[in-house]
Amino acid sequence: MALIAYDGPDAAAFAATRHLADDDLATWRAAVGRYLTVRPGMRLLDLGCGTGSWARAFSSWWPAADVLAVEPSEAMRSRTIHAPVLSGSAEEIPFPDASLDAVWLSTVIHHIADLGVAAREIRRVLKPGGPVLIRSAFAGRHEAISLFRWFPEAVAVLDRYPSIDEVSAAFGTAGFRVAGCEPVPQLTAPSPAAAAAELRREAHTPLKLISDAAYEAGVARLREAARTETGPVVDALDLLVLR
């Protein structure tokens, strides 16, 4: 798996460039709603919340729910736009047994060192039947993500991420079964020119783990796209749901 620490520079780059605009979240709200019926008082955990953009979105969408957030990186917690955010990790979740109704992980799964341990810990804190909703890029599924068109060398990094089958198998050891899996389109940038202007290498694990030469070649491809292409950059990440 590809792991980076998200120290100060990484966290700053993430906070500056990796948030979807509020108006561009409708497809994700609809996708989550297909698997999660939100009730007043429901406790929803954003696990590995980063700077809290998804926790903030959930609080806006479902104000009657209790949206909780956990993040291992102090640098990320210090930049949060949601409060409070507790220190913790997928392997050590700071909540009692059977105390949560749902767990959300967004672009986190490739940072977890032991998926089996994490699956058992998530099983511990979830109430019976509660869903695990995993938003991620997965190994072998790069075609719908424009970053890999501009930086093809980064596909090899993505292929070190867990695959959907590997995540499903790891969570299966804790009694979870796949309830659904679907690609969800999202507006990543209004144009290639905007994508080029906003690009920060430190914010993207695959770009940090390719060579400098490969990165510079990708930047050149993106700048050429910015010069010759118009229209929005629409990508698709997968939503894997387990119960």
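The values are calculated or read from the model by the stated rules, or taken from the named source; none is laboratory data. The structure displayed is predicted, hence computed values, not measured ones. Counting neighbours? That spans all protein chains shown, and the Cβs are built from the backbone with ideal geometry, glycine included. Accessible surface is based on the protein model in full, side chains and every heavy atom, while ligands, DNA and RNA are left aside. Shrake-Rupley method; radii C 1.70, N 1.55, O 1.52, S 1.80 Å.
Quick notes on this structure:
- Shown in residue order for the range 104-116 are the 3J(HN,Hα) couplings computed by the Karplus curve 6.51 cos²θ - 1.76 cosθ + 1.60 at θ = phi - 60°: 10, 10, 10, 6, 10, 4, 7, 9, 8, 6, 9, 5, x Hz (x for Gly and Pro).
- Equivalent ellipsoid of the range 111-243: semi-axes from √(5λ) of the C-alpha gyration tensor, largest first, are 33, 16, 11 Å.
- The phi torsions of the range 169-177, fed into the Karplus equation with coefficients 6.51, -1.76 and 1.60 and a -60° offset, translate into couplings of 5, 4, 6, x, 5, 9, x, 7, 10 Hz, rounded to whole numbers, with Gly and Pro shown as x.
- For the chain, the mean residue ellipticity at 222 nm estimated from helices alone is -9500 deg cm²/dmol, where every DSSP H run of n ≥ 4 contributes -39500 (n - 2.57) and the total is divided by all residues, rounded to the nearest 500.
- Shown is the FRET efficiency for Arg39 and Arg160, computed with R0 = 51 Å from the Cβ-Cβ distance and rounded to the nearest 0.05: 0.85.
- Whole-number Å³ per residue for the convex hull built on Cα positions in the range 128-182: 73 Å³
- Using alpha carbons only: equivalent-ellipsoid semi-axes of the chain, gyration tensor based, whole Å: 29, 19, 17
- Per residue, the accessible area of the range 56-157 comes to 39 Å² when a 1.4 Å probe rolls over the protein heavy atoms.
- Packing-based order for 216-229, 184-197, 125-138, using average beta carbon neighbours within 10 Å, highest first: 125-138, 184-197, 216-229
- Sulfur and carbon atoms: percent of accessible area, the chain [1.4 Å]: 53 percent
- In Hz, Karplus ³J(HN,Hα) per residue of the range 198-207 (6.51, -1.76, 1.60; θ = phi - 60°; x = Gly, Pro): 8, 4, 10, 4, 5, 7, 10, 3, x, 6
- FRET E, pair Arg124, Ala26, Förster distance 45 Å, beta-carbon r, rounded to 0.05: 0.85
- Taking amide H as placed 1.01 Å from N in the peptide plane, Val233 has its amide H under 5 Å from the amide H of Thr188, Ala189, Ser191, each at least 5 places away in sequence or on another chain.
- Compared with the alpha-carbon gap, the fully stretched path from Thr230 to Asp212 is longer by 3.7 nm at 0.36 nm per residue.
- Förster radius 30 Å - calculated FRET efficiency between Ser60 and Leu86, Cβ distance, rounded to 0.05: 0.90
- Between amide H atoms placed 1.01 Å from N, distances below 5 Å from Ser163 occur with Ala139, all of them 5 or more places distant or on a separate chain.
- Amide hydrogen proximity for Asp66: with H placed 1.01 Å from N in the peptide plane, the residues at 5 or more positions away or on another chain lying under 5 Å are Gly41, Met42, Arg43, Leu44.
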